[in-house]
Amino acid sequence: MCGVTSPSGRVERFETVVIGAGQAGLAVGYHLAQQDADFVILDGAAQPGESWRARWDSLRLFTPAKYSSLPEMPFPAPPNHLPDKDEVAAYLTAYATRFELPVRGNASVESLDWDDTRFQLRVGAQRIEADQVVVATGAFTQSIVPDGASRLAPEIVQLTSQEYRNPFGLPPGPVLVVGAGNSGAQIALEVSRFRKVWLAGRDTGYLPRRVLGRDVFDWIWPVISRLPLDTRLGRRITRATGGDALIGIPRQSLPAAGIVRVGRFTGASEGLPICGTEALEPATIIWCTGLKPAHDWIRVAPGTPGLHFVGLQQQRRIVSALVGGVGADAEVVAAAVMGRAGAI
């Protein structure tokens, strides 16, 4: 059935509502559209891909374009090109347009409830009812900041990796980047061109950009894109790759750029950050200590029939949260929505 509006004009009803118009929501939307499902995709931003446009200016994917495509639409770039965040955003917008997906922008879902008959979604003053809901709001929406951050001196400017844009927006003085994974290393290298930088955190390992003349993902993508996590090998690879190994950023490039490696952030003393056993005096701290989903608006018990999730980190495969990896999970979720499999 098609979406129904009540006589009051304030209640709409769909068979399926997809929440989020990022790569996960659009991939699910593609598969639902292929089956003529009655659905709508809701997103708080004006157009698909806005969350990518809001990231730091120099952000690039670590997966090449040839491994960064959604179903049935190759990423429009040379195969080994590493797309920047604006290219990804433009691609997602173009994807929704090409497949005429029913994306409704500026429609932030404030709450999701279940009334024992249907799901109830609150979008501003409007209520939307649905038989099934797919939560596709992403794996990396809320920054994780250590508890000790609240005890730091107020004159130290604190930013998360989501809030950082470029070095020119930072106040004068040295910078402490906390978190030595790919995001932290990339930001530290960029900022180190203009000021002193400390990089706090453990060594997460290193993968070269090229192996035997080919991009490293030419070797590992065929395995990680297909291998389910609920296998013995899948669990072993997950443990081995759980440390956010630096991809194409040699360890020696950090000290070569003048970056000083320090121990992990352990708290604050007299308003100063303690990294290892050392008290530092930065003007700015950039927290690159991880991101997590934000699901506090969901007031439905996990496992409720008809409630589905897609795009979570390592949900079914190592690549479940990546642009080029979410399509396989999305197909499974769409099948569940259409009644051919259980919810995931």
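The values are calculated or read from the model by the stated rules, or taken from the named source; none is laboratory data. Computed from a predicted structure; not experimentally measured. FYI the Cβ positions are ideal-geometry reconstructions off the backbone, even for glycines, and counts take in every protein chain you see.
Every test in (1) within 29 Å of residue 197 (Cα to Cα); (2) assigned to a loop (DSSP other than H, G, I, E, B) is passed by residue 78 save one, and that test is (1). Per the listing 327, 267, the residue uniquely outside the structural domain of residue 191 (by TED's automatic domain parsing) and either at pLDDT 95 or above or aromatic (Phe, Trp, Tyr) (or both) is 327. Here 170, 176 are screened, and the one residue that is surrounded by fewer than 21 Cβ atoms within 10 Å (Cβ to Cβ) and either at pLDDT 95 or above or closer than 15 Å to residue 258 by Cα (or both) is 170.
When residues of segment 89-106 are filtered for being at negative phi, touching a helix residue (DSSP H, G or I) at 6+ places or on another chain (Cβ under 8 Å) and not small (Gly, Ala, Ser), how many remain? Residues meeting the conditions: 6. Residues that are at pLDDT 95 or above and surrounded by fewer than 16 Cβ atoms within 10 Å (Cβ to Cβ) are absent from segment 4-13 altogether. For residue 221, the conditions (1) free of Cβ contacts under 8 Å to residues at least 24 places away in the same chain; (2) assigned to a helix (DSSP H, G or I); (3) more than 20 Å from residue 291 (Cβ to Cβ) are fulfilled apart from (1). Within the set 107, 96, 46, 89, the sole residue that is surrounded by 14 or more Cβ atoms within 10 Å (Cβ to Cβ), in a loop (DSSP other than H, G, I, E, B) and out of contact with any Ser or Thr (no Cβ under 7 Å at 6 or more places or on another chain) turns out to be 107. State the number of residues belonging to segment 261-289 that are surrounded by fewer than 18 Cβ atoms within 10 Å (Cβ to Cβ) and more than 21 Å from residue 172 (Cα to Cα). Number of matching residues: 9. The single condition from (1) surrounded by 18 or more Cβ atoms within 10 Å (Cβ to Cβ); (2) assigned to a loop (DSSP other than H, G, I, E, B); (3) of a type outside the set (Lys, Arg) that residue 296 fails is (1). All of (1) surrounded by fewer than 20 Cβ atoms within 10 Å (Cβ to Cβ); (2) at pLDDT 95 or above hold for residue 182 with one exception: (2).
Looking at segment 113-133, is at least one residue crowded, with 18+ Cβ neighbours inside 10 Å and either at positive phi or part of a helix (DSSP H, G or I) (or both)? No, segment 113-133 contains no residue that is crowded, with 18+ Cβ neighbours inside 10 Å and either at positive phi or part of a helix (DSSP H, G or I) (or both).
Here's the yes/no breakdown for (1) charged (D, E, K, R); (2) closer than 18 Å to residue 54 by Cα; (3) assigned by TED's automatic domain parsing to the domain that holds residue 256:
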| site | (1), (2), (3) |
| --- | --- |
| 157 | no, no, yes |
| 164 | no, yes, yes |
| 171 | no, no, yes |
| 179 | no, no, yes |
| 188 | no, no, yes |
| 193 | yes, no, yes |
| 196 | yes, no, yes |
